[in-house]
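To keep things clear, I will list the structure first and then write my remarks on it.
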Protein chains: 2
Amino acid sequence: MKHIHPLKALLIGYLGYIGLGWILLCLPWSQGSGQVGPLDHLFTATSAVSTTGLATVGTSNSYSFFGQIVILALIQMGGIGYMTLGSFILLARNRELPAARKNVARWAFVLPEGFNVVHFVRNVVLFTFAIEFLGALGLFFAFRSAGVENAIWQAIFHSVSAFCTAGFSLFPDSLEQFSTNFWVLSIVAMLSVSGATGFLVMSDLFGSLSGKRDRVTLTTRIILHATGWMIVVGWIGLFLLEPSYRNLSNEDRVLASGFQAMSALTTVGFNSTSIPTFAHAPVFLLLLMMILGASPSGTGGGLKSTSVSAALATVWSTLKGRSNVTFWGCEVPAHRLTMAFSSVVFYVIIFFAGGLVLLCLQPEPMADVLFEAASALGTVGLSRGITGDLTPLSKFVVIALMFIGRIGPITFGLALFSGESKPLEMEDLAV
Amino acid sequence: MKHIHPLKALLIGYLGYIGLGWILLCLPWSQGSGQVGPLDHLFTATSAVSTTGLATVGTSNSYSFFGQIVILALIQMGGIGYMTLGSFILLARNRELPAARKNVARWAFVLPEGFNVVHFVRNVVLFTFAIEFLGALGLFFAFRSAGVENAIWQAIFHSVSAFCTAGFSLFPDSLEQFSTNFWVLSIVAMLSVSGATGFLVMSDLFGSLSGKRDRVTLTTRIILHATGWMIVVGWIGLFLLEPSYRNLSNEDRVLASGFQAMSALTTVGFNSTSIPTFAHAPVFLLLLMMILGASPSGTGGGLKSTSVSAALATVWSTLKGRSNVTFWGCEVPAHRLTMAFSSVVFYVIIFFAGGLVLLCLQPEPMADVLFEAASALGTVGLSRGITGDLTPLSKFVVIALMFIGRIGPITFGLALFSGESKPLEMEDLAV
Ligand SMILES: [K+]
Ligand SMILES: [K+]
C-alpha cells in the first residue's frame, strides 16, 4: 500500500467497505419479507456507507433485523469516517505548515505537530456515541408516547441515522407520521445539526462558550455563520413558498418548514411532509439547499458551507471593488480561493453530467430527475418518489453519484488524476 | 453626467434606449392587426435592445412595417453597443496598463494609448453593415427560391436579427419552415457566429490568416477554441439525444442538431425545430448551453466563453496538482481568476433568484420555467412555449432578466454596488 496515493487508497477503502456491506446484505439472514435483487442490495450498501438514505426498497420490510443491523453499522462507519477525515483536514487548515513540510504533505501527516491521532479518533468516537446515546434516549420516550412499536430499536436506529446524516428510516414514509410531533422532530434535528457540524466545530464552540478558549477559530466561525444563515433563509423560504403548509397551524407550519430546511441543508434527508407533492418553487429551493449542503468537518455532503462562503465572499469583494477576499478582516489566500472555485465548478460539472445521463434514462419530469441527482450527489436522500422506479442503469448512475458525493467530487477527481509524484496539500480540500 | 459612475451611466443609457423604443412601439403607427398592451410593448422593446428575441406577441402580426423597423433599429443598436463595448474591454485586457493608470481607470480610458475610438467604432459599424449586407443578399436568394413573400424585407430583417444574435423573426414559428433548408440555416448560422464572435476576434483572426500578424492574441485563441469545442460538443449531444431527430435523414439530422446547438451557444435563439416538443435530456443540454453562452467581444450573452474557459482551466490545474492556472503556458493572473469566479457565481445567483421567482408565479413544469429564465438571462430567446402565457408579474421578471443579461450580471452588480470613489478595472469585466 506504500506506493498507492493516499487518496486512491481512500477510494479503494470505501469501495471495500461497500463491497463488504453488499455481501452481508445479500446473505439469506439479511432478507426480509420481499424479494430484493443484488443490484438493490448494492444500492442499499452504497446509500448506507455514503450516508445518503436513498432507497429503492423499503428498509423495514426488505431487511431482517440482522440486515438492519448491517445497514446501521455501515451508516455508523460512514458517519465516523466522514467526521474524522473532515476534522483532520480542518485541523490542518487552522495552522500554517512550514513550506518544507507542505511539500511532503500526505494524508495522514498534514496535522499539527504533536497531534495525537489515536487520542483524536477516540474523542470523535466518544463524542459520537455520547450524542447518539442521548438522542436514542430522547427518541425512545418520544416514540413510546407516540405509540410506536419496538420503540427501543427504532430509537437507536433513528438516532444513529440522524447523527450520521444518513436519513435511513424504518418507517415506510420516513418521519411523515410525526409531522406535528415537536419532540421527535426536534431531537432528530438536533442530532442532524450536531452530526453535520461535526466534532471539531462543536468542541471548538463548547470550548469557547465554557470560557476555555478566548474565541472560536475562523473556520468554526465561518461554518456556524454560513450554516445558521442558510437554515434561516431556507426555513423562511419553505414557510412562505410551500402551499400545503398553509393548511397547518402556525406552530406546525414553523415546525414543518424548519425541519425540512434543516433536513436538506444538513443533508440528513428525513422528510416530515410529503416531498413528491411539494409545489415547484419549494422543490427548487430544496434542490438548491441540497446542492449547498453541510460543513466539511461533519457527516453531511453537498458543496459545503466553507466553499459556499468563499464563493459569496469573492462576489462581495468584487462588487465592492476590493482586490482581496476577507472574512472579518482576515484575508483568504489566493490558492484557497482557487481551490474553492475548483470545488464549486467540479461539483456542478459532476451534477450536470449525472443529471444529463439520468435524464436520458428516466421518463419522469426533469425537476424530479435532477432532484434525485442532487440528492444523491449531496448524500441527502430526499426524493420526489422516483427512486423505486429507477432503471438498472439509472441505479448504477445514482450509486456512482452517491459514492462520488461521499468522497467529495473534487477529492474524487484528485484521486483519479493526481500522480504519485505530486503530493497534495490536504489543507485545501475542505474549502 | 460627470459625477455619475460610468457603469451607472451605462445602465441609465440602456434604460433610456428601452424607454425610447417603448414609446415608439406604443405609437398608433407601430400597431399591427392585434391588440397589444403597453406591458407587452415594453417586453418587446427590452427584448430587442437586449437582443434576446423572446416575444409575448407575434412580431409580424402585432406590429406594422413601421413597428418592425423600430424593432430592427433597437436590435441593431443593441448589437453594435454590445460589440463596441465588449471590444473595448478586450482591447484593454490585451495590454498591461501601468499601475498609476490603473488607479484612475475609467470606462472610456482603459484603452491602449493612441487608440482612436472614432476610428474603431467606424470599423465596427462598417464591419457590421458589410456582413449584414452580404447576409441579407444571401438570404434574399435563399428566401426567394423557397417562395417566401416579401423576400427583401424578410432578408434584411433576419440578417440583422441573426448578426446581432437577436433571434427575432417575422415568421410565426421562427425558422421551422426552413428546418431542411441548408442555405437559409447556413447563412443564418454564419451571421450568428460572426456576430457572437465579434469584430475584434474576427479581425484578429483574419489579420493572422492573411499573414498581417504572426499569430492571434491569447484571448482570441481562447475564444475560438472554447466556442469551437462547445459547439461541437453541443452538436454531437443534440444529434444523439433528441428523439425526434431520428426521423430525419442523416443530412437533415446533422443540420438540425448543428443549427440548434449553434443557436443556443451564440445566443441567437432561432429554432429550426420545435423546442417545446424536445425530450428532457436535449432540453437540459440546451439549458446548459444557454447558460454558457457566447464571447465577450461579440453580440451574444450568457456566461461567456472566457469565463467558462477560466473555470475549466482552474479545475484542470487543481486536478493536476498545479498551483497556477495556465493557457498554452501563459499564466492567468490571480485577480482575473477571482473576477471569473465572481462572474460565474453571480450569474448563477441571478439565474437561481429569477428562476425561483418565476416558479412562484408560473404553473408550468419547472424545466420550462427555468428554461425561460436561462433564455432571458442569456439573451437567447429560445422558449418551451410559455412566453405568451407569462403573468404580468412574470413579464416584469423576464424583462429584468433580459436587461441584466444584456448588461452582464456582474457588470450590473458592479453598477449597483460600486461607489464613485472606487473606480473599476474595466479590463477584468470581460472574463
Ligand atoms: K442523508
Ligand atoms: K437572442
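Based on other C-beta atoms within 10 Å, arrange A:V188, A:V315 from fewest to most.
Lowest to highest Cβ neighbour count: A:V315, A:V188.
Separation of region A:4-49 and region B:189-203 by C-alpha centroid, Å?
Rounded to whole Å, the Cα centres lie 53 Å apart.
Given H placed 1.01 Å from N in the peptide plane, which residues other than close sequence neighbours of B:N271 have an amide H under 5 Å from its amide H?
B:L175
Distance between the C-alpha centers of region A:377-394 and region B:325-398? Whole Å please.
A separation of 26 Å, based on Cα centres.
Could you pull out the longest piece of chain A with no exposed loop trypsin sites (Lys or Arg not before Pro) in it, calling a site exposed if DSSP puts it outside H, G, I, E, B and it has at most 15 other Cβ atoms within 10 Å?
A:323-431
Return the long-range amide H neighbours of A:Q31 (sequence gap of 5 or more, or a different chain), with a cut-off of under 5 Å between placed amide H atoms.
Amide H neighbours of A:Q31: A:S64.
In whole Å and largest first, what semi-axes does the C-alpha gyration tensor of the protein assembly as shown yield when each eigenvalue is scaled by 5 and square-rooted?
Gyration-tensor ellipsoid for the protein assembly as shown: 49, 31, 25 Å.
Given a Förster distance of 51 angstrom, what is the FRET efficiency for B:S274 paired with A:K320, based on the Cβ-Cβ distance and rounded to 0.05?
After rounding, the FRET efficiency stands at 0.65.
Starting from a label point 7 Å past Cα on the Cβ side, list the distances from B:L27 to the same position in the other copies, nm, shortest first.
In nanometres, ordered from closest: 8.5.
Below 8 Å, C-alpha to C-alpha, sequence gap of six or more: please give me the relative contact order for region A:6-428 in percent.
Relative contact order, region A:6-428: 21 percent.
Here is the link list: A:K304/B:K395; A:K8/B:K304; A:K304/B:K320; A:K320/B:K320; A:K395/B:K304. Which ones come out longer than 25 Å on Cα distance?
Table pairs above 25 Å Cα-Cα are A:K304/B:K395; A:K8/B:K304; A:K320/B:K320; A:K395/B:K304.
Looking at chain B, which longest stretch skips every one of the GluC sites (Glu not before Pro) that is in a DSSP loop with at most 11 other Cβ atoms within 10 Å, leaving the sites themselves out?
Here the longest segment lacking exposed loop sites spans B:150-419.
For chain A, what number results from the quotient of the Cα radius of gyration and 2.2 N^0.38 Å?
For chain A, the normalised Cα radius of gyration comes out at 0.94.
Apply the membrane-span-like helix rule to chain A: whole DSSP H runs, Cα extent along the own long axis of at least 20 Å, mean Kyte-Doolittle hydropathy at least 0.0. List the helices found.
A:6-26, A:65-93, A:117-145, A:182-197, A:218-241, A:250-265, A:305-319, A:334-361, A:392-407
How large is the helix-only mean residue ellipticity at 222 nm for chain A, computed as the sum of -39500 (n - 2.57) over DSSP H runs with n ≥ 4, divided by its residue count, in deg cm²/dmol to the nearest 500?
-21000 deg cm²/dmol
What residues have an amide H closer than 5 Å to that of B:F327, excluding those fewer than 5 places away on the same chain, when H is modeled at 1.01 Å from N in the peptide plane?
B:V332
How do B:H335, A:H41 line up, fewest other C-beta atoms within 10 Å first?
Sorted ascending by nearby Cβ count, the order is B:H335, A:H41.
Throughout, read-outs are computed from the coordinates displayed, never taken from laboratory work. The model shown is predicted, which means the values in this text are computed figures rather than measured ones. Using ideal geometry, Cβ is built from the backbone for each residue, glycine included, and neighbour counts are taken over all protein chains shown.
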